[in-house]
Amino acid sequence: MVLEHADARVLVASEREVPIALPGEVLVRVRACGVCRTDLHLLDGDLPAVELPIVPGHEVVGVVEVVGDGVTGLRVGDRVGIPWLGYTCRACAYCTSGRENLCRGARFTGYHMDGGFAEYAVADADYTFLLPDGYTDAEAAPLLCAGLIGYRAYRMTGEAVRLGLYGFGAAAHIIAQVAVHQKRAVYAFTSPGDESAQAFARSLGCAWAGASTEAPPVPLDAAIIFAPAGHLVTEALSRLAPGGSVVCAGIHMSDVPSFPYHQLWEERVIRSVANLTRDDAREFLALAPDVPVKTHVQTYPLADANRAIADLRDGRVEGAAVLTL
Ligand SMILES: [Zn+2]
Ligand SMILES: [Zn+2]
């Protein structure tokens, strides 16, 4: 399923040759691929333009079918995941200081290189990960972006005990489980009136769930914004205790409104989180089965990718949308 040109807004089915694994790469037979909000931003033209056509999809689960020359860590038959981070230069100041997520030469799956909305994908073996057992292919898919980048955002909240999550979709439903497991109190904020998302949040152990316009029962030590709405940044900031932080986890957001300085005063922080490092991937994929994180997925056949995207856009997905093959 391909995005052909910048104003297409929908994916079209396309027949292509099976790609070839070059040295250092693996060819993966795709079994499932998650649909992420970033895919919506790509379709909507919200992200910096890239070369098209492109096959989106960066929560790719599949089985290694061909191993390119020089690959040592993976074998034919391994079940692997391919995440958003597809390549880094390994030489720049970011790459050599543990911040490869910020590499200027980074390339991202389903954006700069074809992703997993397809029967086959090739990936650099060094950016491809063995997946934990105990998850079906569809259940494993959301771990690869909602989980990995959600977890990076969660780590940026430090020792926060009272944690707010704004936007209770794929990432929040995973991170809520990690946070509850680590004895944090989680406050889930949804669109006003979204009772089912609030009930879903409570069912996962959240201490409180309500509308994003509501005040939580206690001031928050930190909040993560997963929804792409800039006004939530100032909304969340107003709910923070002194020293608290707002972490913006999405790749794109509408403009953040201005706000009086006293809301930031007392060492409150607003920051974003960009992409992931391979260390984030290794750490989270080891942690998930320990929690254990259970992902809730709504599956769609690959050919119904546009329906999955529409459901995600309109808030009709509980947990994560996943394409299956
Ligand atoms: Zn994503
Ligand atoms: Zn680099």
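The values are calculated or read from the model by the stated rules, or taken from the named source; none is laboratory data. Keep in mind that this is a model prediction, so the values were computed, not measured. Every residue, glycine as well, gets a Cβ built from its backbone with ideal geometry; the counts of neighbours run over all protein chains shown. These area figures cover heavy atoms from the full protein model, side chains too; ligands, DNA and RNA do not enter into them. Shrake-Rupley method; radii C 1.70, N 1.55, O 1.52, S 1.80 Å.
How much FRET efficiency would the formula 1/(1 + (r/R0)^6) give for residue 274 and residue 191, where r is the Cβ-Cβ distance and R0 is 25 Å, rounded to 0.05? The partial results should precede the final answer.
Values: r = 25 Å, r/R0 = 1.01.
Rounded to the nearest 0.05, the efficiency is 0.50.
Return the Rg/Rh value of segment 1-160, two decimal places, where both radii are evaluated on C-alpha atoms and Rh is the Kirkwood radius. Can you show the working numbers first?
Details: Rg = 15.6 Å, Rh = 16.2 Å.
Rounded to two decimals, Rg/Rh equals 0.96.
Cα atoms only, segment 238-319: Rg and Dmax in Å?
18.1, 51
What are the residues whose amide H is under 5 Å from the amide H of residue 108, where those residues sit 5 or more places off or on another chain and H is modelled from the backbone?
86, 113
In the chain, what percentage of the DSSP-assigned beta bridges are antiparallel, given to the nearest 5?
Working: 26 of 54 bridges.
DSSP beta bridges in the chain are roughly 50 percent antiparallel.
Can you bin every Cα-Cα distance in the chain into 10 Å intervals starting at zero and give me the percent of pairs per bin, rounded to whole numbers?
In order of increasing distance, the bins hold 6, 27, 35, 23, 7, 1 percent.
How large is the accessible surface of residue 186 in square angstrom, using a 1.4 angstrom probe and rounding to the nearest 10?
About 0 Å², rounded to the nearest 10.
Mind checking the alpha-carbon convex hull of segment 166-325 and giving the volume per residue in Å³?
Details: hull volume 20.7 nm³, N = 160.
About 130 Å³ per residue, rounded to a whole number.
Please give the FRET efficiency for residue 15 paired with residue 130, using the beta carbon to beta carbon distance and R0 = 35 Å, rounded to the nearest 0.05.
On the way: r = 31 Å, r/R0 = 0.87.
Step by step, r from the Cβ atoms, then E = 0.70.
From zero outward in steps of 5 Å, how is the percent of C-alpha pairs of segment 127-214 spread across the bins?
The distribution over segment 127-214 is 3, 15, 24, 22, 19, 11, 4, 2, 0, given as percents.
Calculate the spin-label point distance for residue 254 paired with residue 283, positioning each point 7 Å from the Cα along the beta-carbon direction, and give it in nanometres.
For the pair residue 283/residue 254, the computed spacing is 3.3 nm.
Could you list the chymotrypsin sites (Phe, Trp or Tyr not before Pro) in segment 245-322 that lie in coil according to DSSP, counting only those with at most 15 other Cβ atoms within 10 Å of their Cβ?
265
Taking all pairs of different Cα atoms in segment 69-136, averaging 1/r and flipping that mean, what Kirkwood radius in angstroms comes out? Spell out each step's value before the answer.
Working: mean 1/r = 0.0750 Å⁻¹.
Answer for segment 69-136: a Kirkwood hydrodynamic radius of 13.3 Å.
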